[in-house]
Amino acid sequence: MNRFVLAFAVLFAFMMQAFAQDTAAPSADVDRSATGGAQTLEDILKRQRGEKVDYDFRRNATGDPDSAASMSSQLGTLGGASDPELWRALRYGSADVTVSSGGQVASVLMQDGGMRWLLFRQGPLATYGGYLLLGTLGFLALFYLLRGRIRIDGEKTGRTITRFKAVERFGHWLLAGSFILLGITGLITLFGRMALIPLIGHDAFAPIAQASKWIHNNVSWAFMIALVMVFVMWVVHNIPNKTDLKWIAVGGGLLKKGVHPPAKKFNFGQKMIFWSVIVLGASISASGISLLFPFEYPMFAATFNVLNSTGLPQLIGFGELPTQLAPHEEMQYAQLWHSIVAFLMMAIILAHIYIGSVGMEGAYDAMGSGEVELQWAKEHHGLWVAEVEAAEKDREAKNAVPAE
Amino acid sequence: MKAMLTAFAAIIVLTIGASQVLDRAGFSSAEQGSSSSVRLGD
């Protein structure tokens, strides 16, 4: 679990870096008289070198109505602000904009931060996200080559034991089915422009994109319902306990044939999957709802406020996170966070799918028919089998008591 | 297998249901992006 928390923090950290505000030292001492107050060659070179430029000289150059020329003189009708000055005010959000529809959101005519979002989304997000998924697939393929399929070690008994009831399997497949649909349509949305349009062209991609969006938006509810179902059904069995230490000590027996640490209904590996799905699933649902109802449920300004008060962002060198966010910025953060969490979840679930299917003999039955080979159950969930058998004996004993 | 197929069927039902409910409740993009002073369509 700690590993995931750490990975989370690191990813979050990368995201914040890309969005760090321009906080260069004040450049009041920069002489811009040669350009009449506009940017200088030095400013341009600095930007090209990737250094921070203090744009206050530009941000604040939005004209001064008090020193406006009179109406009768040249350019007097502009009211003290030239066109470039008006555009600057629009760009930096200080212009007084009134709109007849759409509220505060529509009054933002230009949103500078949108470029940072766009570049991050097309760049690091897509690149590292893609590497993460390909890396996970590569790792699983390598694991399969080295370890092979994890077989049932002991003699098969031919007897089965009920591992998951129908309602449990229903909840699992509701979650799994919706997750796969959301994953595929999400990837189409993120990589469509980059990977699909060059392959199939704009005309073919348009309906695919539209269908993806519809599926993604509407399947989300099934995912959220299933997430709640799975949480309620299995949380009791996923509380970490001392037995997990034995599992961790031998790496779950995954690496060596014949090693079978004791485990109850869920072993430590499964508990990690469970909590990852619950925590990441809840987070992705929250950001998803924020995206599904644009501008209705902004959450990042409030989240950043809480984070700032913990002192954590300051501690890892990001300073105070912005707590005043434009409505569009809220959506942009929500989109990035949604994707980052999605990539993490997809990587984890790929490993889960592997070990539940080709990776381990007998594992799929647990979610297929719900009946697993007794020997498999004894090897992987020995304590659970003992519990079930004891409960069964108890029941039999009670039934055997003759009525008086 | 039955539980899996039932779940997949439930996904289809919930998906179509969600789209219908949201559309009827006025959450379509067209309705959200308009007001009495904006005319969309004809």
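No lab work stands behind these numbers, since they all come straight from the coordinates. The shown structure was predicted, so the numbers you read here are calculated from the model rather than taken from an experiment. Neighbour counts run over all protein chains shown; Cβ positions are idealised from the backbone, glycine included.
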Under 5 Å between amide H atoms, partner at least 5 residues away or on a different chain: which partners does A:MET360 have, H built in plane at 1.01 Å?
-> A:ILE150
Fewest Cβ neighbours within 10 Å first, please rank A:HIS380, A:HIS202, A:HIS260 accordingly.
-> A:HIS202, A:HIS260, A:HIS380
Taking N as the number of residues in segment A:114-400, what is its Cα Rg relative to 2.2 N^0.38 Å?
-> 1.18
With 24 Å as the limit, write out which pairs from A:LYS398/B:LYS2; A:LYS271/B:LYS2; A:LYS156/A:LYS393 have Cα-Cα distances beyond it, or answer none.
-> A:LYS398/B:LYS2; A:LYS271/B:LYS2
Can you give the calculated 222 nm mean residue ellipticity of chain A, where each DSSP H run of n ≥ 4 adds -39,500 (n - 2.57) and the sum is split over every residue, rounded to the nearest 500 deg cm²/dmol?
-> -19000 deg cm²/dmol
Order of A:LEU312, A:LEU190 under a 10 Å beta carbon neighbour criterion, fewest first = A:LEU312, A:LEU190
On a 0 to 90 degree scale, rounded to 10, what angle separates helix A:382-400 from the longest Cα axis of chain A?
-> 50 degrees
Which ³J(HN,Hα) values, rounded to whole Hz and listed in residue order, are derived for segment A:236-249 from phi using the Karplus coefficients 6.51, -1.76 and 1.60 in 6.51 cos²θ - 1.76 cosθ + 1.60 with θ = phi - 60°, glycine and proline given as x?
-> 4, 7, 10, 6, x, 9, 4, 4, 4, 4, 5, 5, 5, 4
Going fewest to most other Cβ atoms within 10 Å around each Cβ, A:LEU325, A:LEU315 line up as A:LEU315, A:LEU325
Proportion of all alpha-carbon pairs of segment A:337-404 beyond 13 Å (%) | 75 percent
Using θ = phi - 60° and the Karplus curve 6.51 cos²θ - 1.76 cosθ + 1.60, what whole-Hz ³J(HN,Hα) does each residue of segment A:117-133 get, with Gly and Pro shown as x?
-> 5, 4, 5, 5, 5, 6, x, x, 4, 5, 5, 5, x, x, 4, 4, 5
Mind checking which aspartates and glutamates have their C-alpha under 17 Å from A:LYS256, skipping anything on the same chain fewer than 8 residues away?
-> A:ASP153, A:GLU361, A:GLU379
Any residue on another chain or 5+ positions along whose placed amide H is under 5 Å from the amide H of A:ALA69 is listed here as A:GLY80
